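The values are calculated or read from the model by the stated rules, or taken from the named source; none is laboratory data. Note that this is a predicted model, so its numbers are computed, not measured. Cβ: placed from backbone, ideal geometry, glycine included. Neighbour counts: every protein chain shown. Side chains included, ligands, DNA and RNA excluded: accessible areas come from the protein's heavy atoms. Shrake-Rupley method; radii C 1.70, N 1.55, O 1.52, S 1.80 Å.
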Amino acid sequence: MTTPPCYACGKEARFDELPPRERIAFDQYWRVAHSFNTAVPGWLVLLPRRHVTAVHDLTDAEAGALGLW
Ligand SMILES: [Zn+2]
């Protein structure tokens, strides 16, 4: 748990209850969700499925899966 709470991780903790817009596609490392408050309707974001704040914090498996996305 982070302080303040991390929005993305809060969503991830409820993964099985998320509406389709919050898990458009996913694998064990990444989740695609609609972004809100953007200038472009339908903007999607790719989110890590654990708390990561920088690319260099990704594991080799996470980084490899990111390349496939
Ligand atoms: Zn987080």
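Side notes on the structure shown:
- The residue pairs whose first member lies in region 43-69 and is under 20 Å from ARG21 (Cα atoms), whose second member is among the basic types (Lys, Arg) and part of a loop (DSSP other than H, G, I, E, B), and whose beta carbons are closer than 8 Å, counting only pairs six or more residues apart or on different chains, do not exist in this structure.
- Scope region 21-35; condition farther than 16 Å from GLY67 by Cβ, part of a loop (DSSP other than H, G, I, E, B) and touching a Lys or Arg at 6+ places or on another chain (Cβ under 9 Å); matching residues: ARG23, ILE24
- The residues of region 1-46 that are hydrophobic (A, V, I, L, M, F, W, C), open to solvent by 40 Å² or more (accessible area, probe 1.4 Å) and within 16 Å of the ligand (Cβ to nearest atom), listed by number, are MET1, CYS9, ALA13, PHE26, VAL45, LEU46.
- Residue match in region 49-60 (condition: within 11 Å of the chain's Cα centre (by Cα), outside any loop (DSSP other than H, G, I, E, B) and within 13 Å of the ligand (Cβ to nearest atom)): no
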